Amino acid sequence: MMNKSLGRLERVELRDIWLSEASDFTPWLARKENLDILGESLGLDLELEAQERAVGPFRADILCKDIGTDRWVLIENQLERTDHIHLGQLLTYASGLEAVTIVWIAARFTEEHRSTLDWLNRITDESFRFFGLEVELWRIGDSPAAPKFNIVSKPNDWSQSVAQAARAIDDAQLSETRIMQRAYWTAFDNVLSAARGPISGGRKPQPQSWMGYSVGRGHFGLNAAMVRPKKQVRAELYISSDKSKAFFHLLAAQKDEIERQLEFALDWEELPARQDSRISVSLDDADPENEADWTRQHEWLAKRLNEMHRVLAPRVRALDPDSWRPESV
């Protein structure tokens, strides 16, 4: 057997990379790819809402939404060990937001502050969750420094509940249809990754009829969907909010320009009997159960989703639902 040389991990001082929390670390963490790293550590799907956002008398470093629950996630950063000042700020933030996840990131947690977060998780209900994470930097040889987040405090039964949720589908007895769906989205994820568009692959395929992707704003999702009874696949912008109708009509007012930029027509479905609304485009004569046709379907879906993200994402982020005035009946 040949001997293979292995590199050696070397610890990098945080201040060697990030001189300032406000001007270096916080902007770095607020970038999507780095929030994704943090989200993987927490088991959350994070979407940036604001940096340096005023909450009561303080300014929160980063304010996010957990896309899965639409709850606030507030992140406070320290490049030093934890202190009482930041703990007081966190409690003020929690009191100012009705349902919130507090994430306290520091170079090192003192035992008293770790114990305080554990105590807060014991005495508060599920509306409030507190995480404590230590951030480290490591490199091998001359490689770039890589971040590592270590959870030192988390809500009661958090790791157990996340693990159970992650295993729930895998451990269940899947039907043939659900096995097909998971295989379909596994193959689609490879096509999406190869397309290198604004919607990236790398999401865990699920045994269900659709896969959702972020468009950069809560209550909106870009979905790839299969409609097996109609032998059809669909790319859609799905709006799920109590202000869905306002969002829908504001986008519908831009219909001609949107379709001109996309170079294809869309189906505009207000869904008046429901709270949600949908804007979509469909590929007919596309049977998801026909594996021989998957390549064509997946290439079409990837192209349409990326085109819709390119055209719709900036418009969605600019929408102000309060500016919509329904026509009087």
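The values are calculated or read from the model by the stated rules, or taken from the named source; none is laboratory data. Given the structure is predicted, the values throughout are model-derived calculations rather than measurements. A quick note on method: Cβ atoms are made from the backbone with ideal geometry, for glycine too, and the neighbour counts reach across all protein chains shown. Quick note on the areas: whole protein, heavy atoms, side chains included, nothing else; ligands and nucleic acids left out. Shrake-Rupley method; radii C 1.70, N 1.55, O 1.52, S 1.80 Å.
Between R310 and A273, the FRET efficiency from the beta-carbon distance, with R0 = 41 Å, is close to 0.85. Evaluated at q = 0.18, 0.19, 0.21 Å⁻¹, a Debye calculation over the C-alpha positions of the stretch 188-329 (equal weights, vacuum) places log10 I(q)/I(0) at -1.06, -1.16, -1.38. Considering only E126, E263, E40, the Gaussian network model of the chain with Cα springs below 10 Å gives its largest mean-square fluctuation to E263.
Using the Cβ-Cβ distance between R296 and E40 with R0 set to 35 Å, the FRET efficiency works out to roughly 0.60.
Counting only heavy atoms of the protein chains and using a 1.4 Å probe, F247 has close to 10 Å² of accessible surface. Normalised per residue, the accessible area of the stretch 207-283 is 44 Å², obtained with a 1.4 Å probe and no contribution from ligands, DNA or RNA. Projecting the Cα atoms of G197, F109, I123 onto the charge dipole of the chain (Cβ charges, centred on the Cα centre) puts G197 farthest toward the positive pole. Measuring nothing but protein heavy atoms, the accessible surface of the stretch 208-287 at 1.4 Å probe radius is 45 percent carbon and sulfur. For the chain, a simple Cβ point-charge model (Lys and Arg +1, Asp and Glu -1, everything else neutral) yields a dipole of about 360 debye relative to the Cα centre. About the centre of its Cα atoms, the stretch 277-329 shows a dipole size close to 480 debye [charges on the beta carbon of Lys, Arg (+1) and Asp, Glu (-1) only; nearest 20 debye]. Any chance you could list P(r) for the stretch 268-329, counting all Cα-Cα pairs in 10 angstrom bins from zero, rounded to whole %? Using 10 Å bins, I get a P(r) of 16, 34, 30, 15, 5, 0 for the stretch 268-329. Across the options V316, I17, Q51, the greatest Cα extent toward the positive end of the charge dipole of the chain (unit charges at beta carbon of Lys, Arg, Asp, Glu) belongs to I17. Projecting label points 7 angstrom from Cα along Cα→Cβ for R15 and R139 puts them 1.8 nm apart. When the pairs K204/K255; K32/K303; K231/K303; K65/K230 are compared against a 25 Å limit on Cα-Cα distance, K204/K255; K65/K230 fall above it.
Once you have the alpha carbon radius of gyration of the chain, what is it after dividing by 2.2 N^0.38 Å, with N set to its residue count?
Cα-based Rg divided by the globular estimate yields 1.14.
Charged side chains reduced to their Cβ positions (Lys and Arg at +1, Asp and Glu at -1) give the stretch 95-141 a dipole of some 200 debye around its Cα centre.
Taking the C-alpha atoms only, the angle from helix 176-195 to the longest principal axis of the chain is near 80 degrees. Put simply, the Cα atoms of the stretch 39-152 extend 46, 31, 26 Å along their principal axes, the longest span coming first.
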